[in-house]
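This report refers to the structure that appears directly beneath it.
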Amino acid sequence: MEERSLLFQIGPIWFDGTVILMTLLTCIIVFAVVFICTRNLKMKPTGKQNFIEYAIDFVRGIVSDQLPKKDINNYHFLGFTLFLFILVANEIGLVTKIVTADEINLWKSPTADPFVTLSLALMVILLTHYFGVKELGFKTYFKNSYLTPVSIILPIKLLEEFTNVISLGLRLYGNIFAGEVLLGLIVSMVNNMGWLALPLAIPLEMIWIGFSLFIGAIQAYVFVTLTMVFLSHKIELEE
């Protein structure tokens, strides 16, 4: 029997309860990590303060590689928030697996769902438009984004906005979903073959979890980097 998510309906609309619960849990974890690590800050950082400062500096480095120096302070906390949320969302599905007797999956990475990743991608693309208009004004923004260097490229530029959303969202989804599918296949092998499969399954599981942790971190890095690239195209005047 194939696994399925916990679904519920409000009016005519169906919701994925598993994704909602895991997204809320991800938000709680991110908030808790930041809250705990920023208590009792000291001039000479130690322990948890070192961790949060390193994470902020790491993301600030990503932002500074893509944006002008004058804009780094305006957007590096956006990058930090995205990085921490996506990192936790990517890795949380590797912690455990909870499936009910009815084959309802109650634990998975939120980013293993295409609607979550496409929503994240759409959100950041819309934010880049908002910041572009805010920075340059609508007229200058529109000319800079869609009519430069020549107005004939307007249809291509408009099409590019849709492809940016799709590529940004599906890249993240594909990598995280594939990792969880393979972990599920290893578990299924143990269920089907019994104890005989353990000598092979345990090393495979450990290796793949380690690889998936690495991929999850890389995908968080890639997502934030591409977000800042798209943002730089909207707030910087092209010559």
Inset, instruction - Tally up the carbon and sulfur contribution to the accessible surface of the stretch 61-207 as a whole percent, 1.4 Å probe, everything protein left in place. - result: 71
Inset, instruction - Any chance you could run the full-extension gain for Cys27 through Asn40? It's 0.36 nm times the residue separation minus the Cα-Cα distance, nm to one decimal. - result: 2.5 nm
Legend entry - Hydrodynamic radius by Kirkwood, which averages 1/r over all alpha carbon pairs of the stretch 31-160, in angstrom: 18.2
Inset, instruction - Report the charge-dipole magnitude of the stretch 1-150 in Debye, nearest 20, computed about the Cα centre from +1 at each Lys and Arg Cβ and -1 at each Asp and Glu Cβ. - result: 840
Inset, instruction - Show me 130-138, 15-23, 27-35 ranked by packing, highest mean number of other Cβ atoms within 10 Å first. - result: 15-23, 130-138, 27-35
Legend entry - Gain upon complete extension [Phe115, Ile153; 0.36 nm per residue less C-alpha separation]: 10.7 nm
Inset, instruction - Please pull out the direction-averaged projected area of the stretch 132-234, using the convex hull of its alpha-carbon atoms, in nm² to one decimal place. - result: 8.5
Inset, instruction - Could you pull out which residues in the stretch 116-136 have an amide N less than 18 Å from a spot 7 Å beyond the Cα of Asn73, following the Cα-Cβ vector? - result: 135
Inset, instruction - Take each of the peptides 223-230, 4-11, 157-164, 180-187, average the number of other beta-carbon atoms within 10 Å over its residues, and list them starting from the highest. - result: 223-230, 180-187, 157-164, 4-11
Inset, instruction - Using the Kyte-Doolittle scale, find the helices of the chain whose mean hydropathy is at least 0.0 and whose Cα atoms extend 27 Å or more along the helix's long axis, counting only whole DSSP H runs. - result: 17-37, 72-91, 114-136, 154-193, 198-235
Inset, instruction - Could you sort 86-99, 104-117 so that the peptide with the highest average Cβ count within 10 Å comes first and the rest follow in order? - result: 104-117, 86-99
Inset, instruction - Please list the radius of gyration and Dmax for the chain, considering alpha-carbon atoms only, with Å as the unit. - result: 21.0, 68
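The values are calculated or read from the model by the stated rules, or taken from the named source; none is laboratory data. All values reported here derive from a predicted model rather than from experimental measurement. Don't worry about glycine lacking a Cβ; one is built from the backbone with ideal geometry, like all the others, and counts go over all protein chains shown. Surface accessibility is based on the protein's heavy atoms, side chains included, excluding ligands, DNA and RNA. Shrake-Rupley method; radii C 1.70, N 1.55, O 1.52, S 1.80 Å.
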